[in-house]
Structures are given as C-alpha cells and as structure tokens.
Amino acid sequence: MKPQTRVVVIGGGIAGCATLYHLTQEGWSDVVLVERNELTSGTTWHSAAQVTNFGMNQTMVGLKSHSIALYRELADDPDYPINYHFADGGIRLANTAAQIDGYRHFASMARGMGVEFEVIDAAECARRHPLISTDNLIGGLWDPLDGDIDPAQLCQALARRARTAGATIYRNTPVIGLTQHRDHGWKVHTTKGDIGCEFVVNAAGYRVNEIGAMMGVQHPVVSMEHQYFLTEPIPAIARADHRMPLLRCPISDYYCRQEKQGLLVGFYEQNCKTWGMDGIDPNFANALCPDDLDRVMDVLEGAFARMPALRDTGIHTVVNGPITYSMDGAPLVGPVPGKRNAFCIVGLRAGLGEGGGHGWLLAQQIVHGEACYDTWCLDPRRFSDHATTELTALRAIEEYQNEFRFHFPHEHRPAGRPAKTTPLTPVLAVGGAEFDVVNGWERVAYIKPAPDFTETHSFRFNNTFAIVKAEVETVQNHVGLTEISGFNRIEITGHGAQDWLDTMFCGRISRKPGKVSLGYLLDYHGNVKAEATIANLPGGRIWYGSAAAAQIHDMDWLTQHLPENSAIRIRSLTNDLTTLVLAGPNARKVLQAVSPRRDWSALPWLSACEAFVGIARATVLSVSFSGEQAYEIHLPNHQLHAAYLALVAAGEPHGMRLFGSRAAESMRLEKAYLHWKSDLICEYDPFESGLGRFVDMSKPAFVGKSALAARTGPRRKLITALIDCDHAPAHGGASFICGDRVVGTVTSGDWGHRIAQNIALGFVEPEFADPGTSMIVDILGAHIPAKVVVAPLYDPLNDRVKN
Ligand SMILES: Cc1cc2nc3c(=O)[nH]c(=O)nc-3n(C[C@H](O)[C@H](O)[C@H](O)COP(=O)(O)OP(=O)(O)OC[C@H]3O[C@@H](n4cnc5c(N)ncnc54)[C@H](O)[C@@H]3O)c2cc1C
C-alpha cells in the first residue's frame, strides 16, 4: 500500500471510478481508489444502465451531456471499446396538458445548454416507438441522445484510463476507519494497512452511511429495493429497422429499453420498500434482493396496457437490487457538511447515466474549489440537521413513488411534513396559511381564501394569482405581516471580528454601531458565493443574516476561514429565533403602537436596534425586501406568539393582513432584489451580477480579490426584462433567444403586481444587456417578446423605503 497520496476515493462503482478518472484529467495523478470487493460489485453491476440527457435544471443537463460525450469517446476507443447504444432516443410520456407544459419548459431550459429536446404528440410517440398504444396519451418529450451502456465495461474503461494517468486502485481492500489530523488531512484505515491523504471521497453507494459513520456524519441517503425484468425476444423488435427508444412513464411509473431482441422493463411501484435500514450484511456484494414481482403488479398493468406485446412475452430474468435516494431525490455531490477535506458522491439514483458528469463536477470541486457549473442542486450542504434517517426514508419513498413525475413550480409534496416549524406555524395554519417548504421549514406562501382552497399546480399563472395580487395590494397600500421561518442568523463576536469580516466580504461593511449593511462573499475564482446582511448590535455582537437554505453552507464557509487560534466566536441562532416582517406604509404606525417607548421615525433605513414588541424582547432591523417601508423583527421563539398577538391587535386599525412568500417574490422582482441560488450563482462575479456597487477593489484584501482583479470583461450580465405575456411567468432556466440563437437564461421571473407587468431576471451575453434591447423568451414553447429595462421597475429612488 502507498503510505501517502493526495486523494483516496472509497468505492469502485461508477461514482468512484468516474471521480478517480476525472481527478487525473484535472491534473492530479497521485490519487487512489480503494474498493472492498471487486470493481462494480455494489449497485453498478446490475444497473439497467440507461443513459439519458433529461434534467430539470441546467446543471443536471450539462453534467448528463458530459456523461454522454465521455461514454461515446470511451466506446469509440479502439484500444478498449465498450458497448454503448448511443442515441436510440427516448420518450417521456404525458397524459395531461400540464405535463406537456412542463416538458416545453424543460426543452426551453435545455436549449441553453445546447441540448435539443422535442415535444411530440401521441401519434408521433407511437411512430417512433412502434410497440406502444396511444390510449390515454397526449404526447411526450423526445430526448434524441438516450441510450444504454454496459456498466461493468464503462467502469473498467474509466479505471483503465485513470491507471494509465497514474492513479492506483486497490481491490478487495475494505476501508474500516477514518482518522482526521489537525492539518485537516486524513488517514484511511483499511484491512491491508493505512493510507494518508489530503482529501477523502465517500463513493460507497448503499454503504454511504457506513463510511459516513467513520467520519461522524450521517448522510440523508437511504436505499430502496428496485426491480426490473428482461423479456424473451419480441418478434416486432426483431422486425423493426431501428432499436426501440427508451420509455419513461409518469402515468404508470415504469421505464423500458431494448435488451437484445426483447425489452428491459423497470418499475417504481407505490407499494415500495426501503432496504438496509437496520444495517447491511457485510457479505452483501455482487448480490441481489429476492424477486418480488407481486409488489409491482399495480404498475405492471400500466406497462402491459401501453405495450400490449408484453402480454404475449415471457419473462426470463428478474433483477431486484438496492438503489439509493437522498432527501430530495437528487444526489449529494460535493463537500461533506461540517467537515474539511472530505467530499462525497452518494445518493445516486440514476448514477450510471449521470455518474460520468458527477465525477467530473466533483473532481473539479476537489482540485479547484468549485466546478464549472453552480452545483447547489447537488450540494450536500443543502439540508440541515432535520435531515434524519427517519425523515429521509419518508422522503425517499415519496421520491421513488413519483420517479418520473417532476415537481411543478411551488409543488411541495407531503411526506415528512411538517419537518421544521416555529411556535407560530400551527397558529398561522389555523389562520388559513398555505405553506411552502424552505430547507425543511414550513414557510407561509399565501393565505387561502377558504379552508378547502386547493392550488392548481401549473407552469402557468394559476388560481393563486388573485390571492397574491390582493396580498401585494395590502402591503403597498396599508401594512402586511408575515413570518420568515428559518432565516439564517449567525452571531459573530470577539476581538478582531470586524477586521476578519472585512476580509470575507468584497465590499465595505459598516462598522458603525446600529448600522446594517448588505454584502457579498466571493469564492476563490471571484464569483458570488454568498449574500448576507450584517447588523452591528449592542455589546459588539454582529449578526450575519442570509437565506434559510444557506444555513450549513455559510456556516462552513465562515468557520473554515477563521484565523487559527482567533478569539472570534461564531454561533448559529437560526433555530432559536424567528423573524416577523412588517411591511407597508403603515408599518411604522403598527410598530409604534406595540413598542411605544421608542420613536421609530428616528430609526433610519438600514439600521438595527433592540426593543420590546409588546412584552417580547426583539431585535429590529429597518430593512426591506418588498420595496415598502419595512421592519424585520427577530424574536426568541418562546416569545414569538406573544409578539405576534400584539402585532395583530395593533395592526387591525391600520388594515393589516397576513401575506406570504409569493407576494414577497412578486415585490422583490419589481425591485430587482436578487435571490441566492436563483439569480446569485457562483458562475458569475459581482460585476456580471450587477453588484458592482457592493465591490471595493481598494480594500487591501478579501477572498476572491485577486481572481476578480484578473477578470477580463463580462461573460454574461444580469438583466431585468419585461415579458409580453399574461398567461405564464418566465421560469428559471427558460431561454432568451435572438434570431435562432440562445443568448441567455432566465434566473427567476414572476408577475409584478404593483406595476402590472411580467418580469424576468436573467443572465444574457453582454451585447444583449443594454436597456431597450429586444429579444424573445421561450415560455412553454411560445416565443414571447421581451425587452431589457432599467431596474428597479418600482420606486427606483427608494422613497417608499426611506420614508
Ligand atoms: C435495478 C436497478 C436499475 C438501475 N437502472 C439504472 C439506469 O437505467 N440508469 C442509471 O443511470 N442508473 C440506474 N440505476 C442506478 C445506478 O445503478 C446507481 O445509481 C449506480 O450504480 C450507483 O453507483 P455508485 O458507484 O454510487 O454505487 P455502487 O455501485 O454501489 O458502488 C459503491 C462501491 O463502494 C464499495 N464500498 C462500500 N463500502 C466500502 C468500504 N468500506 N471500503 C471500500 N469500498 C467500499 C462497494 O463495494 C461498491 O463497489 C439502477 C439501479 C438499480 C438497483
């Protein structure tokens, strides 16, 4: 065994092999993979191994495109050719107009990544896949590059290339322990000896949490049993002059591809089963679970109805094996939360097709700190401590049952809810609140007009439009109250805190007591990493406030940059405090009524103070995300209800009503306030993101400064556009088009109720960023005129906020 190496990758399935290969491609050849048995002896060997290009965001589409290009190149390698049925094509079926809308949006989004999907009608589906009936079918999404690959050959090809580039692979070498040193490096203990390394990668498939436990973490990943069968030859396939395309069916929850002259059909049954929850037999390797076709009878019927030839065909093999699912169904590819120099590539449920791309993005993160795409949708830090195994199992079952049913905008499925609540959640629910979920927190979306109101989920404006409009009107003309559950707050104290923060933010953060500043943190490439509000509170306490989703991400970034032996202390207040927001021209009057000992007109915009709200101790920030006069009131959870009751009573004479996050979203777009991980992504620097006023290059040093200084010209620029469309918003990912060329991508969009216009934010090529530029935006397949405008569209001088 080598005594020392740069990276040890644990696990020799597709995840580990792809990571190892890509590390060598990124220039690190002194890397090792350790596998407890033989390569591919986990899930990989028995995978149905379909390779698709479909994804619900551009990062997923981009990484899958990388897989396809890589697999093609490997397949064509004359020294080690592998079996890859490239571009048989594939169809995702649909039997509702709403699904077709979704497919049209995903096609618009994929075009921006150079991928051409096609939405086709039922007759065309049947023409391309001659075995299917068109009963209860209205069409589908055609993915021209879909295919399937030999999983063992694929991994061997990657391993072979990695070895040629200098990597070492130890087979039959189980990892039995991990020790981290003070310099953040690791010692990997195996049955054959120890290997020291700078970085360790968990690629252990369904044994993810055995390796997790060795480093003291529990990943929100569980395994499900998953079955497919292979049929005897089907004469119609033998007669066809082309291979059958892949099928994915959200109507009856199965997939299908050609295997020799027959079919491989896999099932996502409702009566599904978790696997390995009480521990995994150490001898389970190259193994399967017992067949259980009875369990899939419900979905089998649907597959038989769609492909009647199956009824006359024998089944010759059944495969039932463990497949991993994360809390939200998407893999965990990136840094291990709370750890240094530790990464994972786990929770892969379509790992054969995606693995090449995941390994590519992970290797870039390990070697360069970030990947070429923003990888937040895969980031293991996107959950917090609510992500227990119990909750993950509930969510995994739901994800499995809905495998091909994509989420509609604002659709939050019920499993495991409520996971995180405040003392006010039940009160607001009784008051008619409908909730969205943000990092597990139940967050008020809007107030239902009647207890039995049900939202019609759609890519178009839906039956919440009038509700949101009325809530915006209340905030604009009177005053609204809402709760921001889970808002991320970190308290920073101790000698040197201000100086240190100055090195973390790219702009000037006020040191004045009582002052609030908005600032941006950059990564080492000079791109936008995080956004935070900094409030200077009495006693030298500094509050760092950011998006609820950023809880673990920001905490890790801050703690990992603390100077050695510093006196600076950082602690999370997120679970202890909840924020109420009062917004609207009467906000100050309501606050004055519940907190009469202070003259609230003397608290200027962007200030902070401590006060009583009724009997509750509160920290109040005069900041606004709505563009109206507003106060963020931060309250200890035990006094939240008391403060709420006081505010409700004081608000009544001023026409106060509750409002939710949907109204806030509409208003923030009118003000062109940016949303972290929608509009603020680490693919662009602050100048490209329209945040030049928050950068101070004269500061002696800040994280990302040298990379930012070295930049030559913008790659793209963030714009605000008005869209000439009243039936649907421009969803994130939709393409801006000029002529027949995609020139940009929408990052977020919605109806601006105060200006009665459809607004989209997005990044476009610099020559299309000037106000007045006309373009097209592809909304659900329709080419809609869009015009770049000067932002913000509402109250550009901030008069309403300052008054
Ligand atoms: C029935 C079925 C059909 C599927 N069909 C498809 C499909 O059509 N398309 C698709 O894209 N995906 C499909 N998948 C999913 C895909 O196969 C998996 O996502 C993928 O194989 C996971 O690869 P992995 O490398 O993460 O895990 P694994 O293949 O399980 O590899 C993990 C490796 O880690 C090793 N390991 C574990 N613990 C240790 C230790 N302590 N020390 C050293 N080594 C260790 C294991 O031995 C194993 O080799 C399917 C899955 C199933 C079950």
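The values are calculated or read from the model by the stated rules, or taken from the named source; none is laboratory data. Fair warning: this is a prediction, and the values are worked out from it, not measured in the lab. Note that each Cβ is placed from the backbone with ideal geometry, even for glycine, and that neighbours are counted across all protein chains shown. The protein model used for the area step is the full one, side chains on, heavy atoms only, and it has no ligands, DNA or RNA in it. Shrake-Rupley method; radii C 1.70, N 1.55, O 1.52, S 1.80 Å.
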* Which ones in segment 772-789 are assigned to a loop (DSSP other than H, G, I, E, B) and either touching a residue at least 40 places away in the same chain (Cβ under 8 Å) or crowded, with 18+ Cβ neighbours inside 10 Å (or both)? -> Thr773, Leu780, Gly781
* Asked: Does segment 70-78 include one or more residues that are over 28 Å from Ala165 (Cβ atoms), open to solvent by 10 Å² or more (accessible area, probe 1.4 Å) and touching a residue at least 24 places away in the same chain (Cβ under 8 Å)?
  -> no
* Confirm whether Thr422 is open to solvent by 30 Å² or more (accessible area, probe 1.4 Å), over 25 Å from Lys469 (Cβ atoms), out of contact with any His (no Cβ under 6 Å at 6 or more places or on another chain) and touching a residue at least 40 places away in the same chain (Cβ under 8 Å). => no
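Could you tell me which residue of segment 226-251 is farthest from Leu263 (Cα to Cα), considering only residues that are among the hydrophobic types (A, V, I, L, M, F, W, C) and surrounded by fewer than 16 Cβ atoms within 10 Å (Cβ to Cβ)? Spell out how you get there, then give the answer.
Pass one, segment 226-251, residues among the hydrophobic types (A, V, I, L, M, F, W, C): 229-230, 234, 236-238, 240, 244, 246-247, 249, 251.
From the residues that got through so far, the ones that are surrounded by fewer than 16 Cβ atoms within 10 Å (Cβ to Cβ) too are 236, 238, 240.
Values: Ala236: 11, Ala238: 11, Ala240: 13 Å.
The residue in question is Ala240.
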* Of the residues in segment 676-706, how many are out of contact with any Asp or Glu (no Cβ under 8 Å at 6 or more places or on another chain), open to solvent by 10 Å² or more (accessible area, probe 1.4 Å) and either of a type outside the set (Lys, Arg) or at pLDDT below 95 (or both)? -> 13
* Structure fact -> Scanning segment 6-39 for residues that are within 6 Å of the ligand (Cβ to nearest atom) and either open to solvent by less than 30 Å² (accessible area, probe 1.4 Å) or modelled with pLDDT under 95 (or both) gives Ile10, Gly11, Gly12, Gly13, Ile14, Ala15, Gly16, Val34, Glu35
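Just one of Ala618, Ala646, Ala642 is among the hydrophobic types (A, V, I, L, M, F, W, C), in contact with a helix residue (DSSP H, G or I) (Cβ under 9 Å, 6 or more places away or on another chain) and surrounded by fewer than 24 Cβ atoms within 10 Å (Cβ to Cβ); which is it? Walk me through how you get there before you give the answer.
Numbers: Ala618 fails: surrounded by fewer than 24 Cβ atoms within 10 Å (Cβ to Cβ); Ala642 fails: in contact with a helix residue (DSSP H, G or I) (Cβ under 9 Å, 6 or more places away or on another chain).
Unique residue meeting the criteria: Ala646.
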* To do: Return the pairs, sorted by first residue and then second, in which the second residue is open to solvent by 40 Å² or more (accessible area, probe 1.4 Å) and charged (D, E, K, R), the first residue lies in segment 169-185 and is without any contact (Cβ under 8 Å) to a residue 60 or more places away in the chain and assigned to a strand (DSSP E or B), the beta carbons are less than 9 Å apart, and the residues are 6+ apart or on different chains.
  => Gly177/Lys187; Gly177/Asp194; Leu178/Lys187; Thr179/Lys187; Thr179/Asp194
* To do: Please state which of the following conditions Pro78 fails to meet, knowing it meets all the rest: (1) more than 15 Å from the ligand (Cβ to nearest atom); (2) closer than 24 Å to Pro322 by Cβ.
  => (2)
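So, Arg349, is that one more than 13 Å from the ligand (Cβ to nearest atom) and among the basic types (Lys, Arg) or not?
On the way: more than 13 Å from the ligand (Cβ to nearest atom): no; among the basic types (Lys, Arg): yes.
So Arg349 does not fit the description; no.
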* Asked: Quick one: would you say Gly102 is within 11 Å of the ligand (Cβ to nearest atom) and crowded, with 24+ Cβ neighbours inside 10 Å?
  -> no
* Select, from Ala107, Ala123, the only residue that is under 24 Å from Met244 (Cα atoms) and crowded, with 20+ Cβ neighbours inside 10 Å. => Ala107
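Sort out which residues of segment 46-71 are part of a helix (DSSP H, G or I) and either within 7 Å of the ligand (Cβ to nearest atom) or over 25 Å from Asp146 (Cα atoms) (or both), and write them in order of number. Walk me through it before giving the result.
As a first pass, look at segment 46-71 and keep what is part of a helix (DSSP H, G or I): 46, 58-71.
His46 - this is the single residue of segment 46-71 that is part of a helix (DSSP H, G or I) and either within 7 Å of the ligand (Cβ to nearest atom) or over 25 Å from Asp146 (Cα atoms) (or both).
Would you list the strands (runs of 3 or more DSSP E) that sit entirely within segment 462-556 and hold 1 or more residues that are out of contact with any helix residue (DSSP H, G or I) (no Cβ under 8 Å at 6 or more places or on another chain) and open to solvent by less than 40 Å² (accessible area, probe 1.4 Å)? Lay out the reasoning, then the answer.
On the way: elements: 479-484, 488-493, 516-522, 528-537, 541-546.
Passing ranges, in order: 488-493, 516-522, 528-537, 541-546.
Identify the residue in segment 201-225 that is of a type in the set (Gly, Ala, Ser) and within 24 Å of Leu39 (Cβ to Cβ) and, among all such residues, is surrounded by the most Cβ atoms within 10 Å (Cβ to Cβ).
Filtering segment 201-225 down to residues of a type in the set (Gly, Ala, Ser) leaves 203-205, 212-213, 216, 223.
Checking the rest, the ones that are also within 24 Å of Leu39 (Cβ to Cβ) come to 203-205, 212-213, 223.
Working: Ala203: 33, Ala204: 28, Gly205: 27, Gly212: 21, Ala213: 13, Ser223: 27.
Looking at residues that are of a type in the set (Gly, Ala, Ser) and within 24 Å of Leu39 (Cβ to Cβ), I get Ala203.
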* Asked: In segment 717-735, which residues are out of contact with any helix residue (DSSP H, G or I) (no Cβ under 7 Å at 6 or more places or on another chain) and either farther than 21 Å from Thr464 by Cβ or at pLDDT below 95 (or both)?
  -> Leu718, Ile719, Thr720, Ala721, Leu722, Asp724
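Let me confirm something: among Gly355, Gly334, which residue is touching a strand residue (DSSP E or B) at 6+ places or on another chain (Cβ under 9 Å), on the phi > 0 side of the Ramachandran plot and open to solvent by less than 10 Å² (accessible area, probe 1.4 Å)? Walk me through how you get there before you give the answer.
Values: Gly355 fails: on the phi > 0 side of the Ramachandran plot.
Selected residue: Gly334, the only one of Gly355, Gly334 that is touching a strand residue (DSSP E or B) at 6+ places or on another chain (Cβ under 9 Å), on the phi > 0 side of the Ramachandran plot and open to solvent by less than 10 Å² (accessible area, probe 1.4 Å).
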